[in-house]
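For reference, the structure is listed below as structure tokens.
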Amino acid sequence: MSVVGPDEGETVLLGTTRMRILEDGGTTGHRLGIAESVIAPHTPGPPQHRHAGHDEGFYIVSGSVRFTVGDEEHDAVAGSLVVVPPGAPHTFANVRDEPAVMLSTFTPDPYVRYFRELRDLHADGGALTPEAQLRLMRRYATEPAGAPAPGPS
């Protein structure tokens, strides 16, 4: 069993987004990872991408998050749930004037480690080149939306 209080969890800063890892898979036999993200106003999301190895769920706690899946845009407001299965191209952004808070799930959990590694790349002070980000994504069975579909990791 795991209980994470309001001021607990591992904080991961990714630009203007603050992520709090609530479950890294250690309690769930690595079947589930959970994170809370606070996305600053007018924060663009990652490049559109797809995962081969995990499902992602996004529950919007407050504010509004714009999800782009292929060519379709969906504005998910507080109380909305967005589920992205493996292989679906997607991205998200906060296009509004207020912060947005979302709870994300990763099943199974390995993608939590992606965010830790991404944080470390940012923290090293070096520029995060597109090549470095692509290498990191590929380690977690993730590809840009325009690339061939990745195989499971």
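The values are calculated or read from the model by the stated rules, or taken from the named source; none is laboratory data. The model shown is predicted, which means the values in this text are computed figures rather than measured ones. Using ideal geometry, Cβ is built from the backbone for each residue, glycine included, and neighbour counts are taken over all protein chains shown. Areas reflect the complete protein model, heavy atoms only, side chains present, ligands, DNA and RNA absent. Shrake-Rupley method; radii C 1.70, N 1.55, O 1.52, S 1.80 Å.
Overview of results
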| quantity | calculated |
| --- | --- |
| Residue match in segment 29-40 (condition: crowded, with 18+ Cβ neighbours inside 10 Å, modelled with pLDDT of 95 or more and within 21 Å of Arg135 (Cα to Cα)) | no |
| Residue in segment 74-83 that is at pLDDT below 95 and not β-branched (Val, Ile, Thr) present | no |
| Residues of segment 16-27 satisfying the condition of being part of a loop (DSSP other than H, G, I, E, B) and open to solvent by less than 30 Å² (accessible area, probe 1.4 Å) | Gly25 |
| Residue ranges of strands (runs of 3 or more DSSP E) in segment 52-150 with at least 2 members open to solvent by 70 Å² or more (accessible area, probe 1.4 Å) | 55-62, 72-77, 81-84 |
| Any hit, segment 28-41, residues being in a loop (DSSP other than H, G, I, E, B) and among the acidic types (Asp, Glu) | no |
| From the options Arg66, Arg135, Arg139, Arg113, residue that is within 17 Å of the chain's Cα centre (by Cα), of a type in the set (Lys, Arg) and modelled with pLDDT under 90 | Arg135 |
